[in-house]
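To start, the structure under review is shown below, and the notes come after it.
The values are calculated or read from the model by the stated rules, or taken from the named source; none is laboratory data. The shown structure was predicted, so the numbers you read here are calculated from the model rather than taken from an experiment. Note: ideal-geometry Cβ built from the backbone for every residue, glycine included; neighbour counts use all protein chains shown.
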Amino acid sequence: MASSCLLFHVHFSAQKPSKCSPPSFDHFKSTLSSAFKPFLKEIQQLPSRIDAGVKNTSLELVDAFVDSVFELVDQPLLPSQSNFAPVDESKEGVQVTNIDGKIPDDFAEGVYIRNGSNPLFGALTSASSMFGSSSNIWVEGEGMLHALYFCKCRDGSWTVVYKNRYVETDTFKLEKQRNKPSFLPTLEGDSPAVLSACLFNMLRFGKVNKDVSNTNVFEHAGKLYSIAENCVPRQINILTLQTLEDWEVKGAWNRPFCSHPKILDQYVSDLCNIMKQKAPGSGELVIMGIDATKPFAEMGVISEDGKKLLHRVDLKLDRCILCHEIGVTQRYIVFMDHPLLFGLKRVVEGGSLIKYEKEGDARIGIMPRYGDADSIQWFKVKPNCTFHIFNCFEDGDEVVMWGCRALDSIIPGPEKGKNKFDWFSRKLRPINSSEGSIDDQVSEEELVFPRPYEWRMNMQTGDVKERNLTGTEFAMDFPFINDAFIGLQNNYGYGQVRDSVASSASGMAKYGGLAKLYFGEQSPESYLREEQGLIKVEYHIFEKNTFCSGSAFVPKDEGVDEDDGWVITFVHNEDTNTSQVLIIDAKSFTSKPVAKITLPYRVPYGFHGAFMPMPLQNEMLTIIPAFNSKISNQAGKTR
């Protein structure tokens, strides 16, 4: 958001509940007034025309006040949460030679890159003061990109290089220059503490919260961008990972994007004729941006070359929804209006900034690509919280959306005064215990348990059909597909499989495997289950205490079928403290990875990843300046 930090997915901080009793709002107003008296007196003595020197002095006084009144402390991590801790920035590329197995000869040359939270000063923070306490929530933390470069040498061998680098937003540079955490936490806490944090951040830095850009990466018009809901995208040099400039479409778009914009034009395989053809579309990028004040949500369409905003429309919503992902079909834009809400008024009245209203209304909006608010067709659906979708497409009169639907939200976390670790531990439990005891079973309504789900909206009748696609054995999230089928009916989807036992034990979501979904095939065991019509799913479960993040699909250059390609993912083994990248044959999904690439550094769990195909043979000295071409033939050797 333009005026707040709103990000989404995958890890949680366990900390004790605040010992501060929340002061009343009247107390806040009187306290704030008293606190500002010295500064009001100072301001009254200033001349009517304030020069820069006086302004700087005033800011120094505000800084001194904040330093004296607010105590910032690190949020601790438990031993079971150690791989959520940040790592040092490397910047320079490091050649990787420890490869178990073989990178396929027909694997795509390019860059596998993942974004994630990596707090600059070692931890998320909490602040306490006369106004109460406030804290960062688990989705915050400066963005860090982790990239693996796959370069195919002239002799057919592979050179693999790893590097990481921070996304250097303006607020990142500001805090790095000050060499200390400077922004006060604003997303959760006592209302007076949250409001005072917003005020002092705005007075000192001109922003309510810092820009973290830590959620996703995407490509448009040949350029790579880092993205999060709280700030405009940042262009990234894909070879050096250097942060370049903000992307505001030449000033035509002045708010963030949702973290999953969609490109309408893709190349798909015609499975009947085995030839390439262009899917209906124009290569345009569809974006959505939300804000805490009206207009709460706007939709936009950017030209294929990324230089022009072709369409911008106010959706005229009456509330600020936290919409993380949108969908597109050949003709429509699809988005979810679910009751995960951001409310400044609620904070002023003593409530929380972000709240999931479990009994609140949920609906799906479908709008023509160049439509306006009046052209949106709304479909009321069962209350839910859906952050991520596999795909949307048209099927006759119906628009179909497949997503990972939960009945509660992991954001922002527990209500004030409740223990964070206990709350997350309860919410991340499995529905059925390993022993299967009835006493150990919990209802889905009590958990945050996302699982694949289908909505079918009939554009002619206005009817909606809803159903679960998978059972309750595993929770699944972070879905992805072969991107060539975005907006078109697809047969396969993939997702990260949550290890509910490990997640509950650590109070943080951990993903212990991957799933391949066959949308057009019924599960062989479906007739034995209480829920009928479930689809076929294959699982690739990792070694014990090994968990993944940032998974993506890599298509074969000359692939014929939709699943011709590989799934690639970062994993970390907590027993050995080793990080790897796995390459898994999508057509032989349950088999062992074809390659395990052991990385020279630990890679913390993160959010979303992508694979960017591109030729790299002539770019190696940019990627790794110390690269010695004489040893390039050794880089691809495997053991």
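Numbers at a glance
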| read-out | value |
| --- | --- |
| Residue match in the range 404-414 (condition: in a strand (DSSP E or B), out of contact with any Pro (no Cβ under 6 Å at 6 or more places or on another chain) and not aliphatic (A, V, I, L, M)) | yes |
| Among (1) closer than 24 Å to Tyr112 by Cα; (2) at pLDDT below 95 - the single one Lys207 does not satisfy | (1) |
| Evaluation of Ala123 against (1) under 19 Å from Gly606 (Cβ atoms); (2) in a strand (DSSP E or B) (one fails), failing number | (2) |
| Residue in the range 142-187 that is surrounded by the fewest Cβ atoms within 10 Å (Cβ to Cβ), counting only those that are over 17 Å from His608 (Cα atoms) and of a type in the set (Gly, Ala, Ser) | Gly156 |
| Residue in the range 325-355 that is nearest to Gly396 (Cα to Cα), counting only those that are part of a helix (DSSP H, G or I) and of a type outside the set (Lys, Arg) | Leu344 |
| Failed condition for Gly533, given (1) farther than 30 Å from Tyr162 by Cβ; (2) in contact with a Phe, Trp or Tyr (Cβ under 7 Å, 6 or more places away or on another chain); (3) among the small types (Gly, Ala, Ser) | (2) |
| Candidates Val313, Val301, Val286 - the one that is in a strand (DSSP E or B) and either under 19 Å from the mean Cα position of the chain (by Cα) or closer than 25 Å to Lys358 by Cβ (or both) | Val286 |
| Residues of the range 528-563 that turn out to be of a type in the set (Asp, Glu), outside any strand (DSSP E or B) and touching a residue at least 40 places away in the same chain (Cβ under 8 Å), as a count | 6 |
| Checking Glu543 against (1) out of contact with any Asp or Glu (no Cβ under 6 Å at 6 or more places or on another chain); (2) more than 30 Å from Glu454 (Cβ to Cβ); (3) at pLDDT below 95, the condition it does not meet | (3) |
| Residues (outside any strand (DSSP E or B) and within 17 Å of Ile410 (Cβ to Cβ)) located in the range 356-373 | Glu357, Lys358, Gly360 |
| Pairs with Cβ under 6 Å, 6+ apart, first in the range 84-97 and under 15 Å from Ile113 (Cβ atoms), second part of a loop (DSSP other than H, G, I, E, B) | Gly93/Ile624 |
| Residue in the range 512-522 that is at negative phi and part of a loop (DSSP other than H, G, I, E, B) present | no |
| Residue match in the range 50-61 (condition: surrounded by 12 or more Cβ atoms within 10 Å (Cβ to Cβ), in a loop (DSSP other than H, G, I, E, B), at pLDDT below 95 and on the phi > 0 side of the Ramachandran plot) | no |
| The range 588-619, residues that are of a type in the set (Gly, Ala, Ser), in a strand (DSSP E or B) and more than 23 Å from the chain's Cα centre (by Cα) | Ala595 |
| Subset of the range 150-188 (residues that are part of a helix (DSSP H, G or I) and within 24 Å of the chain's Cα centre (by Cα)) | Asp170, Thr171, Phe172, Lys173, Leu174, Glu175, Lys176 |
| Enumeration of residues in the range 189-218 that are crowded, with 24+ Cβ neighbours inside 10 Å and in a strand (DSSP E or B) | Gly189, Asn216, Val217 |
| Every residue from the range 105-141 that is crowded, with 16+ Cβ neighbours inside 10 Å, more than 27 Å from Phe70 (Cβ to Cβ) and more than 26 Å from the chain's Cα centre (by Cα) | Phe107 |
| Residue within the range 607-626 that is surrounded by fewer than 21 Cβ atoms within 10 Å (Cβ to Cβ), out of contact with any Asp or Glu (no Cβ under 6 Å at 6 or more places or on another chain), at pLDDT 95 or above and among the β-branched types (Val, Ile, Thr) present | no |
| Lys380, sole failed condition from (1) at pLDDT below 95; (2) basic (Lys, Arg); (3) exposed (fewer than 14 other Cβ atoms within 10 Å of the Cβ); (4) not in a helix (DSSP H, G or I) | (1) |
| Residue in the range 219-243 that is surrounded by the most Cβ atoms within 10 Å (Cβ to Cβ), counting only those that are within 15 Å of the chain's Cα centre (by Cα) and of a type in the set (A, V, I, L, M, F, W, C) | Ala228 |
| Residue list for the range 170-203, restricted to those being of a type in the set (Ser, Thr, Tyr) and either free of Cβ contacts under 8 Å to residues at least 60 places away in the same chain or closer than 27 Å to Leu616 by Cα (or both) | Thr171, Ser182 |
| Pairs where the first residue, in the range 288-314, is in contact (Cβ under 8 Å) with a residue 60 or more places away in the chain and surrounded by fewer than 20 Cβ atoms within 10 Å (Cβ to Cβ) and the second is small (Gly, Ala, Ser) and assigned to a strand (DSSP E or B), C-beta under 6 Å, 6+ apart | Leu309/Gly300; Arg312/Gly300 |
| Residue satisfying all of: in the range 462-511; at positive phi and assigned to a loop (DSSP other than H, G, I, E, B); surrounded by the fewest Cβ atoms within 10 Å (Cβ to Cβ) among these | Gly462 |
| Residue match in the range 272-291 (condition: over 24 Å from Asp374 (Cβ atoms), of a type in the set (A, V, I, L, M, F, W, C) and modelled with pLDDT of 90 or more) | no |
| Residues of the range 384-406 satisfying the condition of being surrounded by 16 or more Cβ atoms within 10 Å (Cβ to Cβ), of a type outside the set (A, V, I, L, M, F, W, C) and farther than 22 Å from Tyr492 by Cβ | Asn384 |
| The one condition in (1) over 21 Å from Glu466 (Cα atoms); (2) surrounded by fewer than 21 Cβ atoms within 10 Å (Cβ to Cβ) that Cys320 fails to fulfil | (2) |
| Filter result for Met457 (at pLDDT 95 or above and out of contact with any helix residue (DSSP H, G or I) (no Cβ under 8 Å at 6 or more places or on another chain)) | yes |
